[in-house]
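Heads up, the thing below is written out as structure tokens.
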Amino acid sequence: MRHLTPEKHPTFVLILLTLFAIVGPVSIDIFTPSLPAITEHFGTTSAIAQWSVGLFMLGFSVSMLIVGPLADRFGRKNTLLFGYSLYLVATAVTLWTDSIYLFIAARFAQAVFGCFGTAVARMMARDYYQDQMEVKMLAYIGGCLTIAPMAAPIAGGYLQEFAGWQYSFYAMAGMAIIAIAALTLLPEQFKVAKNHDQQKQSMLTAYKAVLTDARYMRFTVAAGAAFAGAFVFVAGGSFVIIGQLGVSPATYGYLFAIAIASYLISASFGPKVTAKMSRSQSTLFAGSFLILGAMVSLASGLLTDGQSISGYVAGIAIYELGLGLFMPLCQARSTEHMTDNMGTAAGMIFFIEMLLATLISALIGFLPEAGTLSLSAITLIAVAVSGLCLMRTGATTATPQAA
């Protein structure tokens, strides 16, 4: 079969690469409005059902750690074909199983294999294009990756309200089938790497060096804890807002999109606002929004016994405004002193962030049903952990840029 020529068909290639990139992110957000219904379907508790979100994010981070070596060893297309095939198997399990534990395990597998495309799509763009065209393609893919988390929960809310939770998973399966078919249209332009034993040894050495770097770990944990404070809304928001407070799944999808939009606004315009500040000043500025947002959410919950949806969402929106600037700042400051192992450090940042989000959001299941108060309390704990990490950075030697 003849393949598309990337140079002659850049728009069509962009559409296919974007499809590969968004399968994983859509799979986490499209089903969140259905969490209460899934809990009821399996006859389980919200604490157990929430692991289908937390372990998905952990699986996403595991995926980012392993997909690079796989794509370098077996090629881009083979890696995606392998990943999406197993993703389809995992999706089928979520639909056919009667066990919540097998459902959660299948969600983890969905994350590990379905998220391959998030990284490989960027690799293929670099394989196909050079210079400005490469930058343009990566920018478009990145833009679609920011839009997908906003659209997915809205679509998932309507699917839940008018069809049922299973249809979100039918949609996931449909995306994967289309992605597998699309692979036949694209060429493989990557030459498979050699000397795998030497690469393995180098990788282990790099991981050890990164994980024993105190400055790197402090800023990475600070970013991860802050992210966990927002991820509490992803993991537990539907149980509280839909299950306890009676909001419809469709409306919840729009509330979820508000939080995502706040993050995108901050990530897009925040750097311009802080261009005249040092990195440390910018970090404090962004952190103040995290604290303010957490306090607004908590205060609204205390004043209304956890019944204020608008107050909680307003606080989360403020929190996300800070997070969109705070996370990239911490990520940049965690590696600004490094000269080696930058690729490994970048991958580990995401892994650690997802791990902390999974662990901290799991606390929701151990709190009493107190409306938005439970969510706000954990967010405040996450902010405190993040702040403690940043308080210790003063003892570490920094570059002049970090001052």
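The values are calculated or read from the model by the stated rules, or taken from the named source; none is laboratory data. These numbers were taken from a predicted model, which means no experiment stands behind them. FYI the Cβ positions are ideal-geometry reconstructions off the backbone, even for glycines, and counts take in every protein chain you see. Each accessible area value is taken on the protein alone, full model and side chains, heavy atoms only, with ligands, DNA and RNA left out. Shrake-Rupley method; radii C 1.70, N 1.55, O 1.52, S 1.80 Å.
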*Which numbered condition Met137 fails, given (1) among the hydrophobic types (A, V, I, L, M, F, W, C); (2) modelled with pLDDT under 85; (3) under 18 Å from Arg76 (Cβ atoms); (4) loosely packed, with under 14 Cβ neighbours inside 10 Å*: (4)
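Yes or no, residue by residue, for (1) buried (at least 17 other Cβ atoms within 10 Å of the Cβ); (2) touching a residue at least 60 places away in the same chain (Cβ under 8 Å):
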{"residue": "Leu245", "(1), (2)": "no, yes"}
{"residue": "Leu255", "(1), (2)": "yes, no"}
{"residue": "Thr283", "(1), (2)": "yes, yes"}
{"residue": "Leu290", "(1), (2)": "yes, yes"}
{"residue": "Val296", "(1), (2)": "yes, no"}
{"residue": "Val313", "(1), (2)": "yes, no"}
{"residue": "Leu325", "(1), (2)": "yes, no"}
{"residue": "Leu329", "(1), (2)": "yes, no"}
{"residue": "Thr335", "(1), (2)": "yes, yes"}
*Of all residues in the stretch 155-173, count the ones that are open to solvent by less than 40 Å² (accessible area, probe 1.4 Å), more than 17 Å from Ala106 (Cβ to Cβ) and part of a helix (DSSP H, G or I).*
3
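Quick check on this structure: which one of Leu388, Leu375, Leu363, Leu359 is surrounded by fewer than 20 Cβ atoms within 10 Å (Cβ to Cβ), at pLDDT 80 or above and within 22 Å of Gly287 (Cβ to Cβ)? First the steps, then the outcome.
Details: Leu375 fails: surrounded by fewer than 20 Cβ atoms within 10 Å (Cβ to Cβ); Leu363 fails: at pLDDT 80 or above; Leu359 fails: at pLDDT 80 or above.
That would be Leu388, the only listed residue that is surrounded by fewer than 20 Cβ atoms within 10 Å (Cβ to Cβ), at pLDDT 80 or above and within 22 Å of Gly287 (Cβ to Cβ).
Name the helices (runs of 4 or more DSSP H) wholly within the stretch 30-76 that hold at least 3 residues that are over 28 Å from Gln160 (Cα atoms), in contact with a Gly (Cβ under 9 Å, 6 or more places away or on another chain) and not aromatic (Phe, Trp, Tyr)?
Values: elements: 35-42, 46-49, 51-74.
The helices (runs of 4 or more DSSP H) meeting that bar are 51-74.
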*Scanning for something at pLDDT 85 or above, closer than 28 Å to Thr220 by Cα, under 22 Å from the mean Cα position of the chain (by Cα) and crowded, with 23+ Cβ neighbours inside 10 Å, does the stretch 1-19 turn up at least one residue?*
no
*Could you figure out which of (1) outside any helix (DSSP H, G or I); (2) at negative phi isn't true of Met295?*
(1)
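Hey, can you tell me all the residues within the stretch 218-243 that are more than 15 Å from Leu359 (Cα to Cα), open to solvent by less than 10 Å² (accessible area, probe 1.4 Å) and either in contact with a Cys (Cβ under 9 Å, 6 or more places away or on another chain) or not in a helix (DSSP H, G or I) (or both)? Steps first, please.
We begin by selecting, within the stretch 218-243, every residue more than 15 Å from Leu359 (Cα to Cα); these are 218-220, 237-243.
Then drop every residue that is not open to solvent by less than 10 Å² (accessible area, probe 1.4 Å), which leaves 219-220, 237-238, 240-241.
Of everything in the stretch 218-243, those that are more than 15 Å from Leu359 (Cα to Cα), open to solvent by less than 10 Å² (accessible area, probe 1.4 Å) and either in contact with a Cys (Cβ under 9 Å, 6 or more places away or on another chain) or not in a helix (DSSP H, G or I) (or both) turn out to be Phe219, Thr220.
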_Given the condition among the charged types (D, E, K, R), crowded, with 18+ Cβ neighbours inside 10 Å, within 20 Å of Ile141 (Cβ to Cβ) and touching a Leu at 6+ places or on another chain (Cβ under 6 Å), answer yes or no: does some residue in the stretch 61-78 qualify?_
yes
